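Only the coordinates and a few stated rules stand behind these numbers; no lab work does. Since we're looking at a predicted model, the values are computed, not measured. All Cβ positions, even for glycine, are placed from backbone atoms using ideal geometry, and neighbour counts span all protein chains on display.
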Amino acid sequence: MNPRTSILLLSALLLPGLAAAGDATSGKALYETCVACHGANGAGNEALNAPGLAGQSESYLARQLWDFKDGRRGKEPGDTTGAQMLPMAATLPDGEAVANVAAYIAAMPAARPAPTVEGDVNNGQKLFTSKCGACHGGQGWGNEALFTPRLTVIGDWYLLRQVAKFQDSMRGVHEDSKYGQQMAMMAKTVSRNELNDIAAFLNEPAEQ
């Protein structure tokens, strides 16, 4: 059994409704629903509030789709952009469909979105290492075992928006959102200026 399959089988035990490793080929047809906002290559579109998805962690993608489907995300007052995903996630009928579309997106070649914010890269590296690296990896590539997303593919504007949602109790407040609650606590430890520096560090190319 390869490491990716092992991790996703563990995910299936820890996260209700989450299937094991999905079939990317089957997921391609399901992704057609996502193309209008996230793009055929998964690069995302800031004008449509759609983050970059290509190359994202498979376990994280599946978990977020389940959070939208089960009401753990996108239903808090004020979270209008999150609410946009609710009907999209609802089009996936079951765990097999969720796993398959997550597998297809994760298999897309990852891209690094163009920067939209400026900050102090050196300070951002220090902040990221001390506050974020333990879960998201030293360069922001995420960690399948910890179900944390790859931050370098989503777009800095989306990162800033989501951290603000965690800070403003629009995300990570549902009683069953274990990982969201963890992130909500961490989000409250950074200021907007510090977050700009972190984003600037994540925007820097690095060899994986």
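Please give the calculated 222 nm ellipticity per residue for the chain, where each DSSP H segment of at least 4 residues contributes -39500 (n - 2.57) and the sum is spread over every residue; nearest 500 deg cm²/dmol?
On the way: 12 runs with 106 residues, N = 208.
Roughly -14500 deg cm²/dmol at 222 nm, from the helical runs in the chain.
Within the chain, how many Lys pairs sit with Cα atoms under 18 Å apart, leaving out pairs fewer than 8 places apart on the same chain?
Here the count comes out as 9.
Relative contact order for segment 114-186: what percent, with Cα pairs under 8 Å and sequence separation of 6 or more?
Worked out over segment 114-186, it gives 20 percent.
So for segment 74-208, taking the charge dipole from beta-carbon charges (+1 Lys/Arg, -1 Asp/Glu), which of GLY155, PRO93, LEU127 sits furthest toward the positive end?
LEU127
Counting only residues 5 or more places away or on other chains, whose amide H sits under 5 Å from the amide H of THR148 once H atoms are built in the peptide plane?
Sorted by chain and number, the residues that satisfy this are ASN143.
5 Å is the cut-off here: which amide hydrogens, built 1.01 Å from N in the peptide plane, fall below it relative to ALA50, excluding neighbours closer than 5 in sequence?
Sorted by chain and number, the residues that satisfy this are ASN45.
Give a residue-ordered list of calculated ³J(HN,Hα) values for segment 45-57 (Karplus: 6.51 cos²θ - 1.76 cosθ + 1.60, θ = phi - 60°; whole Hz; x for Gly, Pro).
7, 4, 4, 9, 6, 10, x, x, 10, 4, x, 5, 4
GNM on the chain, C-alpha springs below 10 Å: top fluctuator among LEU92, LEU146, LEU48?
Between LEU92, LEU146, LEU48, it is LEU48 that shows the largest mean-square fluctuation.
Starting with the fewest neighbours, write out ASP156, ASP176 ranked by other beta-carbon atoms found within 10 Å of each beta-carbon.
ASP176, ASP156
Go ahead and set up a Gaussian network model of the chain, Cα springs under 10 Å, then flag whichever of HIS38, HIS174, HIS136 fluctuates most.
Sorting by GNM fluctuation, first place goes to HIS174.
Could you pull out the GluC sites (Glu not before Pro) across segment 175-208 that fall in loop regions by DSSP (anything but H, G, I, E, B) with no more than 10 other Cβ atoms inside 10 Å?
Answer in residue order: GLU175, GLU207.
Find me the longest stretch of the chain that has none of the exposed trypsin sites (Lys or Arg not before Pro), where exposed means in a DSSP loop (not H, G, I, E or B) with at most 16 other Cβ atoms within 10 Å. Let's see the in-between values first.
Working: sites that count: LYS75, LYS188.
Looking at the chain, 76-187 is the longest stretch - no exposed trypsin sites (Lys or Arg not before Pro) with at most 16 other Cβ atoms within 10 Å.
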